[in-house]
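What follows is a short report on a single structure.
What follows is calculated from the coordinates using simple rules that are stated; it is not laboratory data. Because the structure is predicted, anything quoted here is derived from the model rather than measured. So basically every Cβ, Gly included, is an ideal-geometry build from the backbone, and we count neighbours across all protein chains shown.
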Amino acid sequence: MIEIKTIIAVTAVGLSIIGYAPYIRDTLKGKTTPHVYTWLVWGLNASIVFALQVSAGAGVGSWITLTVAILNFIVILLGMRIGKKDITKSDKIFLLLSFVAIFLWLIIKQPVLSVILVVTIGMLGFAPTIRKSWNKPHSETLFLYGLNTFRHTLGLFALQQYSIVTWLYPATWVVLNGLFSLMLIVRRKQLQK
């Protein structure tokens, strides 16, 4: 019999694919313009968190993070052709800090510090997308971020071991995706007036 956490994980993986499909479609159409550095930081960070989660016993709950990492790299490839490339000094710093997180985990053997750094970098790496979307709220696909809020919530329930290393990333993204979705809705309404 399939365990409930496996069902939750598979559902969340499916929702990840469903959520990213319109984003990828809108990017190909030129309607959505991903900020390449934001997605590069997110892809790298999701990869690091996946490895951290596996090493900390997250089990099937880590499948969601792996799926997100793969989908982020697809968005990066599309963004390199179509997306925003206005790279700032802070964008480069966030990318460099992602490599510091890898160093903390692999060399110094500090997974808790590494996951805290990766989550912080991910939050800060969101800045270029927030900046862009504040002025152009239709340049992002709202469906993805709304669904991500729900999917990351499921991801928390799919974890097989709970520690700061396994739950911090999905919990943070529940909050960030929810707030970003709300910002997009509010800004779209404000600009319609």
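Hey, can you grab everything whose amide H is under 5 Å from the amide H of residue 33? Only 5+ residues off in sequence or another chain; H modelled, so Pro and N-termini drop out.
none
Roughly how many whole Å is it from the C-alpha centroid of the stretch 51-97 to that of the stretch 110-159?
10
With θ set to phi - 60° and the Karplus curve 6.51 cos²θ - 1.76 cosθ + 1.60, what are the ³J(HN,Hα) couplings of the stretch 133-138 in order, to the nearest whole Hz, using x for Gly and Pro?
Each residue's phi maps through the Karplus curve to give 6, 4, 7, 10, x, 8 Hz.
Could you work out how far helix 89-106 tilts from the main Cα principal axis of the chain, as a 0 to 90 degree angle to the nearest 10?
Approximately 10 degrees, to the nearest ten.
To test your reading of the geometry: what angle, between 0 and 90 degrees and rounded to tens, separates the Cα axis of helix 111-125 from the longest principal axis of the chain?
10
For a quick size check, give me the Cα extents of the stretch 4-192 along its three principal axes, largest first, whole Å.
Rounded to whole Å, the extents work out to 46, 39, 27 Å.
Give me the angle, in degrees from 0 to 90, between the Cα long axis of helix 4-29 and the longest principal axis of the Cα atoms of the chain, rounded to the nearest 10.
Tilt relative to the chain: about 20 degrees.
Could you bin all the Cα-Cα distances of the stretch 47-157 into 5 Å bins starting at 0 and give me the percent of pairs in each, rounded to whole numbers?
It works out to 2, 10, 16, 23, 21, 15, 9, 3, 0, in whole percents.
Given a Förster distance of 41 Å, report the FRET efficiency between residue 55 and residue 193 from their Cβ-Cβ distance, rounded to the nearest 0.05. Could you put the intermediate results ahead of the total?
On the way: r = 50 Å, r/R0 = 1.22.
So the FRET efficiency works out to roughly 0.25.
Give, in nm to one decimal, the length gained when the segment between residue 90 and residue 183 is fully stretched (0.36 nm per residue of separation minus the Cα-Cα distance). Walk me through the numbers on the way to the answer.
Values: separation 93, 0.36 × 93 = 33.48 nm, distance 2.20 nm.
Gain in length upon complete extension: 31.3 nm.
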